[in-house]
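See structure below.
Bear in mind these aren't lab numbers, they're just calculated from the coordinates by the rules spelled out. All figures in this text were calculated on a predicted structure; none of them were measured in a lab. So basically every Cβ, Gly included, is an ideal-geometry build from the backbone, and we count neighbours across all protein chains shown.
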Amino acid sequence: MTARWCGEWAAGERELPAEVEVLIPSFERPAELAVTLSGLASQTRPDFGVVVSDQSPEPVWQHPAVKAMVRILRAQGRPVRLEWHLPRRGVAEQRDFLLRLSTAPQVLFLDNDVWLEPGMLERLSSALSEARCGFVGAAVQGLSYLQDRRPAELEDFEPWPGAPQPERIRPGFPEFGRWRLHNAANLAHLAAGIGIERGSWLLYKVAWVGGCVLFDRERLVAAGGFAFWKDLPPEHAGEDVVAQVRTMEAFGGAGMLPSGAVHLESPTTVPNRTAEALEIVPLDPPQNR
């Protein structure tokens, strides 16, 4: 198939500066994407732009709900770039494409089925600026699990005593078990128990974070970004884990409490997970090889 893409900006948007660019890889799910964009429309700080890279058979922004949310963001003065990016070569290539389009110092990779509570983008950006690490992530919470308490999965919770430091994390290491912290509604239970003051946050040690991760763009690129997509078959999973493991080893990374990122709990659009990026791609960041 011949590659095809279509980029759409509103008039004058290219010149608008942004502290953060929200990068959304998309395939199908127009209702979920509209909810994701509605969460962004509730953010007031910092200045941000949005880039959607869609790989649906027809551009997802043709759906009335998505089209309306794009209008709202643009009316707020938020630059919104819409890219119809085909053929599909896998999610890692989607993320690489988005990263190569970005110019902001901070980039938020946000899945197209995640709603952010008001003020979440400001907390993430402020935390990353203060921590001076590679990324800060808000693990998505499934609120249908609010009555499902899993104390055994919270045993690996460990706050950072200061600024996050580089960590070498690999499958099989005890630290890799931290991924269980992000199951169900575990972080909602943790945050409620700790009692974090409104508007504040607590950074903690992670193995990786899914769905909502704010990177220092230069540090992500220095750690290799998603250029490894060429080493993966089109049907793969775990590409975000590889990028975070590399960035964390080089520059450090953290999760944030409270998370403020809600998973819409729709079925995955990546059902084939037989090719795990963790098992195929070298995990050492380029400068450590």
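Calculate the FRET efficiency for Glu158 and Thr103 from the Cβ-Cβ distance with a Förster distance of 41 Å, rounded to the nearest 0.05. Could the numbers behind the result be given before it?
Working: r = 35 Å, r/R0 = 0.85.
For R0 = 41 Å, the calculated efficiency reads 0.70.
Between beta-carbons, use under 9 Å as the cut-off and find the net charge around His263, counting Lys and Arg +1, Asp and Glu -1.
Numbers: positive: none; negative: Asp111, Asp113, Glu265.
Net charge in that neighbourhood comes out at -3.
Between Ala227 and Glu167, what is the label-point separation in nm under the 7 Å Cα-to-beta-carbon projection?
2.7 nm
Ser200 to Ile280: extension gain in nm, 0.36 nm per residue of separation minus the Cα-Cα distance?
Using 0.36 nm per residue and subtracting the Cα-Cα distance, I get 24.9 nm.
Among Ser266, Ser126, Ser102, whose mean-square fluctuation peaks in a Gaussian network model of the chain (Cα, cutoff 10 Å)?
Ser266
Over segment 4-281, what is the mean sequence separation of C-alpha contacts under 8 Å (at least six apart), divided by residue count, expressed as relative contact order in percent?
Numbers: 590 pairs, mean separation 67.2, N = 278.
Computed value for segment 4-281: 24 percent relative contact order.
Any idea what the relative contact order of segment 20-124 is, in percent, if you count C-alpha pairs under 8 Å spaced at least 6 apart?
The normalised contact order for segment 20-124 reaches 47 percent.
Starting from the Cα-Cα distance between Glu130 and Glu19, subtract it from 0.36 nm times their residue separation and give me the gain in nm to one decimal.
38.5 nm
Assuming 0.36 nm per residue, please report the length gained on full extension of the stretch Arg150 to Glu218 beyond their Cα-Cα distance. Mind dumping the intermediate values first?
Values: separation 68, 0.36 × 68 = 24.48 nm, distance 3.70 nm.
Taking 0.36 nm per residue and subtracting the Cα distance, the gain is 20.8 nm.
Please list, by residue number, every one of the trypsin sites (Lys or Arg not before Pro) in segment 186-281 that is coil in DSSP and has at most 16 other beta-carbon atoms within 10 Å.
Answer in residue order: Arg198, Arg273.
Using a Gaussian network model on the chain with a 10 Å cutoff between Cα atoms, which of Pro105, Pro46, Pro171 fluctuates the most?
The residue with the greatest mean-square fluctuation here is Pro171.
Given springs between every Cα pair under 10 Å in a Gaussian network model of the chain, which of Leu257, Leu181, Leu190 has the largest fluctuation?
Residue with maximal mean-square fluctuation among Leu257, Leu181, Leu190: Leu190.
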